[in-house]
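What follows is calculated from the coordinates using simple rules that are stated; it is not laboratory data. Predicted model only: the values in this text are computed from it and were never measured. Positions of Cβ are generated from backbone atoms using ideal geometry, with glycine treated the same way; all protein chains shown enter the neighbour counts.
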Amino acid sequence: MTDHLDRQPAGDGIERRGFLRGAAGAAAAGVAFSALSARTASAAPATFALDPGYGPLRPVRDQATGLELLMLPRGFEYISYGWTNDLMDDGVRTPGSHDGMAAFRRGDRVHLVRNHERRDGTAFTSPAYNPEAGGGTSNLVFDPDAGRWLESYGSLGGTVRNCAGGPTPWGTWLTCEETFETRAGKRHGYVFEVPCEGKGDPRPFTAMGRFNHEAVAVDPATGHVYETEDRGDACLYRFVPTVPGDLAKGGRLEALRIGEAAYDTRRDGERSYGTVSWVPVDEADPAEDTVRKQAQARGAAVFGRLEGAWYGNDRIYVISTNGGPAGQGQVFELDPATGRFRVLFASPGAEVLNAPDNMCVSPRGGLVLCEDGGGTEYVHGLTTEGGIFRFAANAVDLRGGTAGKDVRPDDYRGSEWAGSCFEPKNGNWLFVNVQSPGITLAITGPWRQGAL
């Protein structure tokens, strides 16, 4: 068994201090999002692309268990790993409630950091921020050439409801607590940092704000960190670090403002807002849940529940899970270089897109949207022409057997998708989680035939 306590991040990635020089290389390779970016409020509604190049979905067996867990287009295959209660290589059983995730390439291996959206219980691994909290992260290692999972271990414990987060250009994962509570005398509602190899840092970045965090996205050109908030009257935040790449050195927290007065985006369809500005948050680490109230008192825009965020195509993409005219979701796009902001896509109804949550950007430029709605849950793609399509369906029905896995036999087809992320070097593998019963999946196939 490898001793993970002494491992350090590999040196072949972007160094923490020098990542600004490599900003162009840090961005995901792929086509420009020109067609989608050009859409305005006067454009035709987005299309529902039944065949984006991949073909219809069909049941596909898992190469690890033989179970039909997913429906995918022809030519795609997958292998599951890290089910809840599977024994990890450090002797700890895999925690449940798999959520946000990111993948990092180190030589010929892919290293992933995975969130666990748990609250109750005690810390499942060390180091732990709070021994009386059950959330945290685990790390996984995958061989992309052999298509084989290699290793897993706990990397940070003692946090609460680690929902999403985001990768950094210097090779770490920022894991976010979706809570605002004090537990066993410890404040929660923070961002923590976990390297793609080794153990995480149990010290919270209090300057990044204490609120109901969801996801983050880092602009590699500046080191600014964009943060989402899962509240019905949320704000979209930007953290400007004192030292780019070293978040422990502190910085200032700001919130996005549209125009000169308070603006509510929650029912907006596809439209452009022009150039936005940012207002300061004076007290980022309050005793009461007031961060968004401070920001809105200065004119910050109001959003529906902000969930996923990702950097790609030189843009910051942000999801509202219940925004838009139908209340079924919005996808926002921010150009961090110019400050231009817009709604790229608004779901016209649950039959098209039902409450998107986590997301990522393909190395080829398309967006991957994970549903957290109701009924059968789908992974959707959003094309560069603005068409949305179903790429995968959750078919996890274990009432007929669990293939020896220590999970409850049940129908999990209504469980949310989470943690979508591509292997960053070649983009040949998409990693994604089914939150319940807690499964991590690696999917590969003829990506270049379609929009992802």
Checklist outcome for this item: The FRET efficiency for V92 and D410, from their Cβ-Cβ distance with R0 = 35 Å and rounded to 0.05, is 0.90
Checklist entry - Label points 7 Å out from Cα along the Cβ direction at T222 and R298: separation in nm? => result 1.4 nm
Checklist entry - When the label point is put 7 Å from the Cα of N426 along its Cα-to-beta-carbon vector, which residues of segment 356-371 have a backbone N closer than 19 Å? => result 362-365
Item to check | Relative pair counts by distance (%), Cα atoms of segment 30-449, 20 Å bins | outcome: 29, 60, 10
Item to check | Theoretical FRET efficiency, 1/(1+(r/R0)^6), r = Cβ-Cβ of A337 and D108, R0 41 Å, to 0.05 | outcome: 0.75
Checklist entry - Assigning unit charges at the beta carbon (Lys, Arg +1; Asp, Glu -1) and nothing else, what dipole magnitude in debye, to the nearest 20, does segment 388-452 show about its Cα centre? => result 200 debye
Next on the checklist: I need to check one value: relative contact order of segment 230-321, counting alpha carbon pairs closer than 8 Å and at least 6 residues apart, in percent.
Outcome noted: 33 percent
Item to check | Lysine-lysine proximity count for the chain, Cα under 23 Å, sequence distance 8 or more or distinct chains | outcome: 4
Checklist outcome for this item: Yeah, segment 277-357 with a ≥ b ≥ c from its alpha-carbon gyration tensor (a/c under 1.5 is rounded, else prolate when a/b outruns b/c, oblate otherwise) is oblate
Item to check | Potential extension, E77-A287 segment - 0.36 nm per residue separation minus Cα distance | outcome: 70.8 nm
Checklist entry - So what is the calculated 222 nm ellipticity per residue for the chain, using -39500 (n - 2.57) for each DSSP H run with n of 4 or more, over all residues, to the nearest 500 deg cm²/dmol? => result -500 deg cm²/dmol
Item to check | Per-peptide average of other Cβ atoms within 10 Å, ordering 149-155, 403-409 highest first | outcome: 149-155, 403-409
Item to check | Relative contact order of the chain, pairs being alpha-carbon contacts under 8 Å that are 6 or more residues apart, as % | outcome: 17 percent
Checklist entry - Magnitude of the Cβ-charge dipole of segment 30-449, K/R +1 and D/E -1, about the Cα centre, nearest 20 debye? => result 440 debye
Item to check | Cα-centred dipole magnitude for segment 303-452, charges only on beta-carbon of K, R (+1) and D, E (-1), debye, nearest 20 | outcome: 300 debye
Item to check | N85/A261 FRET efficiency (R0 56 Å; Cβ-Cβ; nearest 0.05) | outcome: 0.60
Next on the checklist: Could you compute the net charge surrounding V379? Neighbours are other residues with a C-beta less than 12 Å from the C-beta of V379; K and R count +1, D and E count -1.
Outcome noted: -4
